Amino acid sequence: MRTVFTRLAATSLIVLFAGFAAAKEPVFQRSGAAIHGYDPVAYFQAGEPVKGKSRHEAEWNGAKWRFANAANRDAFEADPERYAPQYGGYCAWAVSQGYTAPIDPKAWKVVDGKLYLNYSKSVQKNWEKDIPGHITAADGHWPGILAELSN
């Protein structure tokens, strides 16, 4: 009986710690949705962050995406790579430095038709000092950074 208990306890610990060692999600999510529930299409069409609505939701790349209206949802579903933020919606500056960080949906910029998000507006100012350099560095780190950070 003692051996069975020891095996069960060991198995439980392995399962518990396996959850901590899991890889980061390919898309940063907070509040149950990518970009804190903001509409990724709105950055391009409205030129500003717009909160999405749960009734206009789509799933893509392991995440829920919310949209301000059905037309934006449909546009995203037709071409998600066009609208989804770079680096899975993690902070672009952080990825350029070799790690991931959450984002503020109001710290954003569209560069060459791609959406980049940052941790905060002050971090975005640092990122904007050398956008091409930071994009090149981040591109070099992504997507391998997710696997590296989970080890």
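Observations on the structure shown:
- Filter pass, Y116 being touching a residue at least 24 places away in the same chain (Cβ under 8 Å), over 15 Å from A33 (Cβ atoms) and touching a Lys or Arg at 6+ places or on another chain (Cβ under 6 Å): yes
- Pick from region 139-151, criterion touching a Ser or Thr at 6+ places or on another chain (Cβ under 8 Å) and surrounded by 14 or more Cβ atoms within 10 Å (Cβ to Cβ), ranking: nearest to G37 (Cα to Cα): L146
- Test: T136 is open to solvent by 10 Å² or more (accessible area, probe 1.4 Å) and either assigned to a helix (DSSP H, G or I) or under 13 Å from I35 (Cα atoms) (or both): yes
- Strands (runs of 3 or more DSSP E) within region 42-130 that include 3 or more residues open to solvent by less than 10 Å² (accessible area, probe 1.4 Å): 63-67, 114-118
The values are calculated or read from the model by the stated rules, or taken from the named source; none is laboratory data. All values reported here derive from a predicted model rather than from experimental measurement. Positions of Cβ are backbone-derived with ideal geometry, glycine not excepted, and every protein chain shown enters the neighbour counts. Accessible surface areas use protein heavy atoms only, side chains included; no ligands, DNA or RNA. Shrake-Rupley method; radii C 1.70, N 1.55, O 1.52, S 1.80 Å.
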